[in-house]
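Peer 1: The following block contains the structure, expressed as structure tokens.
Any read-out appearing in this document is the output of simple, stated calculations on the displayed coordinates, not a laboratory observation. What you see is a predicted model, and the numbers here were worked out from it, not measured in a lab. Cβ atoms come from the backbone with ideal geometry, glycine included; neighbour counts cover every protein chain shown.
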Amino acid sequence: MPLRANRFGLSVALSTPFTEERAIDLPRLVAHGLQSLVDGCNSLTVFGTTGEGATLGLNERNRALGALVGAGVDPKTQLVVGIAASSVEDAIAQGRAGLMLGCPSFLLAPPFYFKNPGDEGLFDWFAAVLTGLGPKASNVILYHIPQVTSVGLSVALIDRLKKAFPAQVKGVKDSSGSWENTEALLKQHADLHILIGDERLLAKGMNLGASGTICGLANIAPDLMQAPVNGIEEPQVAAMIEIVLPYAVTAAVKALVGHRRNDPVAWSRMRAPLRSLGEAECRKIFAAIDSIRAKRAA
């Protein structure tokens, strides 16, 4: 099966650096974002899981978005704004922070505080948020990551939402890690951009009609991600993921960004309640990733 023509491509789930006081480190954020685009990412997804988005307040989100757009990131084509809130009002406010800068693209997570709300309750919540955001939010990606939110998005719910809001709901990010779920989405929602969060499944998915990925590995190995996003298996991608998975993944990715940028102290900082990897853990994971890189260069 040929790759689909109108692909979403590769979006980095951008890590968020913090100062010693745990404010967003805007210069480092901007530098990392711009370099990610230079390194082959098609867009930046900010305030997602890897970006510790659920810990970030509205004012600091506004400042970060302003810094990125002010530095030249095109809000119309190079930016996806993550929304992580349980109240409809907060979710709309987070989205409007992007809309005010001309960004139409959002990664919309479900209301994660309330467990097992059922499809009816979830439909009502998403409908209220989408209505509040309005038609300028014209590229909304529904975020399925039940291992984090404990709130999954069923294939039937996605069908109902895309039919009720066809001008807004344009994709699904499947970060479940379940090929069965990804395959069901590809079969039943081929009209949407199906984005695969588990990098190990990406090449397989692309060859069945997936549209791309929003992924954490693009923070540290955007070069390796070029093959799978074009439907070509890259064994080193799976090898890197297997190294990262035993650890707290967001902390591990962040530590590896610091290793890659030769800036380990600044990039080690996490926003509470998340914690950084320990020194011994960092040494172990750095050595393993460096070994993979060395084999690739050989």
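Peer 1: Less than 17 Å apart at the alpha-carbon level, and either on another chain or at least 8 residues along: which lysines does that give for Lys254?
Peer 2: Lys284
Peer 1: For the pair Trp179 and Ala31, how long in nm is the line joining their label points, each one 7 Å along Cα→Cβ?
Peer 2: Between Trp179 and Ala31, the label points sit 4.1 nm apart.
Peer 1: Find how many whole Å separate the alpha carbon centroid of the stretch 23-67 from the alpha carbon centroid of the stretch 181-238.
Peer 2: 22
Peer 1: Right, something else. Could you compute how fast the stretch 79-185 diffuses translationally, taking Rh as the Kirkwood radius over C-alpha pairs and applying Stokes-Einstein at 25 °C with viscosity 0.890 mPa s? Give it in µm² per second.
Peer 2: Here the translational diffusion coefficient equals 180 µm²/s.
Peer 1: With each label point set 7 Å from Cα along the Cα-Cβ vector, what nm distance links Ala272 and Glu60?
Peer 2: 1.2
Peer 1: A further question follows. Mind checking which of Ala64, Gly53, Leu185 is farthest towards the positive end of the chain's charge dipole, using Cβ charges of +1 (Lys, Arg) and -1 (Asp, Glu) about the Cα centre?
Peer 2: Value: Ala64.
Peer 1: Separate question: So for the stretch 9-232, taking the charge dipole from beta-carbon charges (+1 Lys/Arg, -1 Asp/Glu), which of Val73, Leu133, Ile232 sits furthest toward the positive end?
Peer 2: With unit charges placed on the Cβ atoms, the residue in question is Leu133.
Peer 1: Glu242 to Ala294: FRET efficiency via 1/(1 + (r/R0)^6), r the Cβ-Cβ distance, R0 22 Å, to the nearest 0.05? List each step's numbers first, then the result.
Peer 2: Values: r = 17 Å, r/R0 = 0.77.
That gives a FRET efficiency of 0.80.
Peer 1: Evaluate the distance, in nm, between pseudo-label points positioned 7 Å from the Cα of Ala128 and of Ser86 along their respective Cα→Cβ axes.
Peer 2: Taking the simple label geometry, Ala128 and Ser86 are separated by 1.4 nm.
Peer 1: 5 Å is the cut-off here: which amide hydrogens, built 1.01 Å from N in the peptide plane, fall below it relative to His193, excluding neighbours closer than 5 in sequence?
Peer 2: So His193 has HN proximity to Gly171, Val172.
Peer 1: Could you give the size of the charge dipole of the chain about its Cα centre, using +1 on the Cβ of each K and R and -1 on the Cβ of each D and E, expressed in debye and rounded to the nearest 20?
Peer 2: Charge dipole, the chain, about its Cα centre: 340 debye, nearest 20.
Peer 1: If you average the sequence gap of Cα pairs under 8 Å that are 6 or more apart and divide by the length of the stretch 9-232, what percent do you get for the contact order? Numbers along the way, then the final one.
Peer 2: Working: 428 pairs, mean separation 44.3, N = 224.
It rounds to 20 percent for the stretch 9-232.
Peer 1: For the chain, compute the orientation-averaged projected area of the C-alpha convex hull (one quarter of its surface), in nm².
Peer 2: 14.3
Peer 1: What does the charge dipole of the stretch 130-231 about its Cα centre add up to, to the nearest 20 debye, if the Cβ of each Lys and Arg holds +1 and the Cβ of each Asp and Glu holds -1?
Peer 2: 360
Peer 1: Would you mind putting 73-84, 182-193 in packing order, based on average other-beta-carbon counts within 10 Å, highest first?
Peer 2: 73-84, 182-193
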